[in-house]
Structure formats: C-alpha cells, structure tokens
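Everything below concerns the one structure shown next.
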Amino acid sequence: MIVPMSNGFRRVIGLKVDVDTYDGMRKGVPTLLSLLRKHGIRASFFVPMGKDHTGWTAKRVFTRKGFLKKAGRVGVLETYGLKTLMYGLLLPGPEIAKKTASILMRIIAEGHEAGIHGYDHVHWHDSIKAWERGKTEEVLKKASAVYEDIFGKKPRSFAAPGWMVNQHALRFFKNNGFAYTSDTRGFFPFFPEMGGESFDILQIPTTLPTLDEVVGIAGDDATSLSRFFFNSLTDGLNILTVHTELEGHRWVGFLDSLIRISLEQGFTFERLIDIASRCRNQGTVPRSRIIYGYVEGRAGEVSCQEN
C-alpha cells in the first residue's frame, strides 16, 4: 500500500546528484555547482571513493536485456567520451575521490552535502546482489576510510550505485552511524526490511524517473523533458536523482529549466540530510520491505520499496 508522501512536506524536491565517473566529477560537478549557485539552492552529491572502471560496463551488452537500446537513446559515446569508456579495459581507472579532493571540499564549502556512492561504481552495481557479509563490509570500510581521509570525519550518508543494495550493507549503515541512505526506487522515506531483518536506518528512495530512463521517450529536448518532469512532481516530497555525466554535461539546460519552473511554481529544494532530519523529528516513519525489481526504461534490476 502506498502511503501519501505529504507527511510534513509541502512541495519539496530533494535533489540527489550521483557522480559515476572521473570526468563526471572533474567536469560535471563544477558545472552543477555553478547552476545551483545561480538558483540559490542546495543538493546532495554522492561520489565513488575508488577507481573509475566504466569500461567494465561493456559486458552488460550480453547480460542485461535492453542495455543496448537504452545506450542508444542516451548516446553513450557523446555522454561519457571514448577515454572514460576505456577505463578498466585499455586504460587504468583513475582514482575518483582522491584525485578530485579539492572539488569534494568545494561541494561542502558551497553548502551542499557530500556522501558516498560506493567504492568502485561498476563492481558494486553488477555484483552487490551476490556479495556475502564479509565482502560487503570490506568494500564499505574501504570507501568510508577514503571519505574520512579527505574530510577528517566519518561519512553520514550513502547512495547505492545503480540502486542496488543488500541486507549486509543496510546492517553496516545501521551499525556505523549513518544518518540515512538512498539506495532504492520508491515512494516515501521508510525504515527498511530485507533478508528477514529490520533496520533502523532511514531509507530515502528516489521517487521520480531519471533522465536516462525517459530521454527519447517522454521527449528529446530540454523544454519537453523539463515539462515532463515537472508534471511528474507531487505536492509532497519528491526525490530527483540527476547524474553529472548527463545533467552536468549535455543536458544541463534541461535541469536549469526544470529548476526554474519548479521554483516559479512554489517548490523548494532541500539536501537529503535535511530531509532525513525532518523525517526523524516528525516522529513515526513507516517500515517497508526492499525487493529487487525493474523500472521502466532502465536495463537490469534495482532495489525497490515494495508497493
């Protein structure tokens, strides 16, 4: 049963920015920081703490139904560039967080939130479902250590690459002081149940489609796509995930238009860490089960809040 999302939230958009690649961090983040500054809003950025191995995604052509079709709609070469597509294949993958620590610090300095988006994005996305507790915790400890080396404090938030999570990760977040995580597609914030366990770690799911899921279907230009996304908003809490490789690059005009329209119509933008604080202060947070499922327009499984 879907619970209305209005609980204390009125026309709120939580803007979640996922960084998947080294170039997305190096080029896309500064572009988005300028855009957010222009509109006077804040967002939550999630960054891989390890290496960029985007080239490993080539195997998805054979393992994921619909991957080639989606890649064609998005324009993989134009979006990522040839060099990024070679990382992990013909070129060594660069360290994302360590090589761009100054940009990470700038995110915080400009009033935004910086959380973890896995260690190796592709490895997590493609393998987490099969990982046992030891492997899961090993990867999360590595990611947390890099974060702490850069910021001098422990991480408070995490967003799962590809919206793929397991119960061992949820247990780790609960036991290691995370304020919330954003690992799922769903409807409203909740405390998760997975693998027969319940976890008192707030889950803030992405509630809206992502650009790569609808481009070429709902529209193929900034105007039509921004109108589609605006019409998808509810009057309660909305969580929008954008990607530095898309909205921080070829599609920045789309995001600019969507933010402008939303602000004009009375929506406010909040960091997910602030949304998490509001959820806890409001009292009762429902429990929901996390299951693996599919989202229209996306190749492969994602972790979903059960309807």
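What follows is calculated from the coordinates using simple rules that are stated; it is not laboratory data. Fair warning: this is a prediction, and the values are worked out from it, not measured in the lab. Every residue, glycine as well, gets a Cβ built from its backbone with ideal geometry; the counts of neighbours run over all protein chains shown.
Side notes on the structure shown:
- Placing a label point 7 Å from the Cα of Ser198 along the Cα-to-Cβ direction, the residues of the range 263-307 whose backbone N falls under 13 Å of that point are 285-289.
- Cα-projected label distance for Thr284 with Arg11, points at 7 Å along beta-carbon direction, nm: 2.8
- Fully extended contour minus Cα-Cα distance, from Lys142 to Glu78, at 0.36 nm per residue: 19.9 nm
- Mean Cβ neighbour count within 10 Å, used as a protection proxy, ranking 161-172, 267-278 highest first: 161-172, 267-278
- Within the chain, DSSP assigns beta bridges of which about 20% are antiparallel (rounded to the nearest 5).
- Given [x] 1.17; [y] 1.03; [z] 0.92, the label whose value is Cα Rg over 2.2 N^0.38 Å derived from this model: [z]
- Taking each DSSP H run with n ≥ 4 as -39500 (n - 2.57) and averaging over every residue of the chain yields -10500 deg cm²/dmol at 222 nm.
- Sequence-distant residues sharing a close amide H with Glu270 (under 5 Å, placed H): Ile13, Gly14, Leu15
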